Amino acid sequence: MTEWVWLPGEPDTVVVDPVTLAYRAVAEMHLAPPVVRSAPGAGQVGLVNMPVWLWVTKTENTWGPIEREASVPGLTVTAKAEVTAIDWKMGDGKTIRCTTAGTPYSKSMGIKDSPDCGHRYTKTSSKLKDCKYPVTATAQWAINWQSTLGDTGQINLTQDAATQLRIGEAVPVLVDPEDSNVKVPPKAGCSAK
């Protein structure tokens, strides 16, 4: 007669393959979506044909490099993860691939293009929902792992983050020097929210 007894936890003789341990190591990394930044930023209005700067804030969990291990008796897997690129879907049909985190913008840089990650819109966002372009940044993670038994492999993951960019256009205002009433053309489509 055989009687089965269930005990809490993993049994002493667990057979775990290196790939399973690699995924356990990745779970310990707590990888997170990119922290998106731009100039113009949220709440600001950019202009058609003017540079838009794009970048992400680098942390261990949002950019890497990050390394973690997972083990069972007789086997350890070490996994190393790092973002290899950010794919920016700009909401106007264009996708920009940046292989760096991008360069943070500062006012001293003027109206130059970003040296490594930027875009220029050719149309305003006035006809879009909320008068803003929906922008998605997708981080491409490459995770290489190696076991103490010599097994190796790679796991590819993605993490998404989103923002919105409002793009307007500069409107010239003609002023009659003999008339003190300045007539500003009406705004098309979007309010000043």
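Since every read-out is calculated from the coordinates, none of them should be taken as a lab result. Computed from a predicted structure; not experimentally measured. Virtual Cβ from ideal backbone geometry, glycine too; neighbours counted across all protein chains shown.
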Among the range 32-67, those whose backbone N falls under 19 Å of a label point 7 Å along Cα→Cβ from LYS107 are 38-47, 51-53
Amide H neighbours of VAL35 at under 5 Å, excluding residues fewer than 5 places away on the same chain, with H built from the backbone geometry, are THR57
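Over every pair of different alpha-carbon atoms in the range 11-141, take the mean of 1/r and invert it; report that Kirkwood radius in Å.
That comes to 17.1 Å for the range 11-141.
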Two pseudo-spin positions, 7 Å from Cα along C-beta at ASP151 and at LEU47, lie apart in nanometres by 5.9
In whole Hz, the Karplus estimates of ³J(HN,Hα) for the range 152-164 (6.51, -1.76, 1.60; θ = phi - 60°; x where Gly or Pro) are 9, x, 9, 10, 10, 10, 10, 9, 10, 9, 10, 8, 9
